[in-house]
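Since the structure comes first, as C-alpha cells, the remarks are kept for the end.
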Amino acid sequence: MAILIKSPRAERWIDAVRHHRPDEELRIWPQVGDAADIEFAVVWQPEPGDLARYPNLRAVFSMGAGVDHILADPHLPAGLPIVRLVDSTMTRGMVEYVLHWVLHHHRDFGRYAAAQPGDWTAHPQIPAPQRRVGVMGLGELGGAAARTLARLGFDTAGWSRTERQIEGITCFHGEPGRAHFLARTEILVCLLPLTPATENILDSALFAALPPGAALIHCGRGPHLVEADLLAALDTGHLAAATLDVFPTEPLPPAHPFWTHPRVTVTPHMASLGVARSAAAGFSEAIDLLRAGKLPGNLVDRAAGY
Ligand code: NDP
Ligand code: OXD
C-alpha cells in the first residue's frame with residue numbers, strides 16, 4: 001500500500017512524510033501507478049474526481065487548515081474521512097499576522113507611512129482596552145488570535161457558528177449574535193472557513209453594520225469577500241482600511257485595483273504558511289490511529305463544511 005502526495009511543492013512534502021514514515025511507499029501525483037495501492041492521500045487542491053479513483057483509499061489529509069479545496073470536488077466519495085491540518089506552527093504564524101495588522105490599524109501606522117516625508121503630526125492614541133477588535137471564526141486560528149489580542153488588553157469579541165465561551169473574550173454566535181458583534185467591532189478579522197454559509201459574507205450589508213472608520217483584516221478565503229462592496233465601502237469612507245491576504249483569483253491579477261488602492265494592503269496568501277515537517281507529524285499519528293481502527297482528531301465535519 002502507498003501514500004499519495006499531491007502538491008505544487010511535492011518535494012517538501014515527500015521529505016516531510018518520509019521523515020515521519022521512512023518505511024512507507026510514497027507516490028507523487030500524477031505518477032500514481034496502480035490506483036488500488038493508494039491507502040492515504042495528502043493533498044492540496046486535488047483534481048475534481050481524482051480521489052474517487054482509488055478503491056482502497058482510507059482517508060485524505062488536507063495540506064491546509066481550510067478544506068474547501070477538497071470539498072469542492074463533486075465526486076468526493078461519501079464517507080471518506082478528511083483530516084485537516086491543525087498545527088502549532090501554523091497557529092503561531094497566524095497569530096503573528098493578525099497581531100501585526102491589528103497593531104497597524106490600531107496605531108494608525110498606515111497614516112504615518114503615507115505622511116512621509118515631512119509631516120511631523122502625531123495623531124491621538126487610543127489605549128488598547130478602548131479598542132474593540134472582533135474575530136470572525138473562533139476555531140483553532142481565530143480562537144488563538146483572539147486570546148492573544150485579549151491578553152494584550154484589547155476589548156476583544158469573537159463570532160462563531162455554535163456557542164463558545166472563552167475567558168476574556170465576548171463571544172457571539174449565529175445569526176442572532178452577528179449584528180451585535182459587528183456593531184461593536186472597530187477592527188474586524190476574518191478567519192472563517194469557506195462554506196456555503198460563509199461565501200460572500202463580507203458584503204455591503206456586513207460593512208454597513210460596522211461602525212464608521214472600521215478596518216478589515218481578511219485572512220480567511222477569497223470568496224468570503226464581495227470585492228466591489230469593499231471598494232465601495234472604502235471609497236465612501238465608511239471603512240478606513242483593509243488588509244487582504246486571500247483572493248478569489250490567486251495570484252491577484254496585476255491590474256487588480258486592490259494593488260494600487262491607497263487604503264488597501266495586499267499580502268500574497270502568506271498569513272500563515274504551513275510547515276510540512278510539523279504538519280506531517282500530525283498526519284503520521286492519524287495514520288497509526290486509522291490503521292488501528294480508531295478515529296483521529298481534526299476530522300472534517302462534512303455536513304458543516306469545515
Ligand atoms: P476551524 O475549523 O478551527 O474554525 C472555524 C471557526 O469558524 C469556528 O469557530 C466555527 O464555528 C466558525 N464558523 C464556521 N462557519 C461559521 C458560520 N457560518 N458562522 C459563524 N462562524 C462560523 O478553522 P481554523 O481556525 O483552523 O481555520 C479557519 C480558516 O482560516 C481556514 O478554513 C482557512 O480558510 C483560513 N486559513 C487561511 C490561511 C492563510 O494563510 N490566509 C492559513 C490557514 C487557514 P464553531 O466554533 O461554532 O465551529
Ligand atoms: C490553509 C491555507 O488553509 O494556507 O492552510 O490557506
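The charge dipole of region 169-268, taken about its Cα centre with unit charges on the Cβ of Lys, Arg, Asp and Glu (plus for the first two, minus for the last two), comes to roughly 200 debye. The Cα atoms of the chain define a convex hull whose projected area, averaged across directions, is 17.4 nm². Expressed as a fraction of 2.2 N^0.38 Å, the value expected for a compact globular protein of N residues, the C-alpha radius of gyration of region 1-101 is 1.14. Simple rule: put +1 on each Lys or Arg Cβ and -1 on each Asp or Glu Cβ in region 3-64, find the dipole, and look at Gln31, Ala16, Gln45; the Cα lying farthest toward the positive end is Gln45.
The mean sequence separation of alpha-carbon pairs under 8 Å and at least six residues apart, normalised by the residue count of the chain, gives a relative contact order of 17 percent. Which Cα, out of Pro55, Met1, Thr91, lies furthest along the positive dipole direction of region 1-95 (beta carbon charges, K/R +1, D/E -1)? Of the options given, the answer is Thr91.
Would you work out which of Ala281, Asn200, Leu225 lies farthest towards the positive end of the dipole of region 193-306? Charges go on Cβ: Lys and Arg +1, Asp and Glu -1. Toward the positive end, the furthest listed residue is Ala281. In the chain the longest region clear of GluC sites (Glu not before Pro) that are loop-assigned by DSSP and have at most 12 other C-beta atoms within 10 Å covers 1-162. Note on the chain: with charges restricted to the Cβ of Lys and Arg (+1) and Asp and Glu (-1), its dipole about the Cα centre is near 620 debye.
Values in this text are rule-based calculations from the coordinates and carry no lab data. Note that the structure is a prediction, hence the values are computed from the model and not measured. All Cβ positions, even for glycine, are placed from backbone atoms using ideal geometry, and neighbour counts span all protein chains on display.
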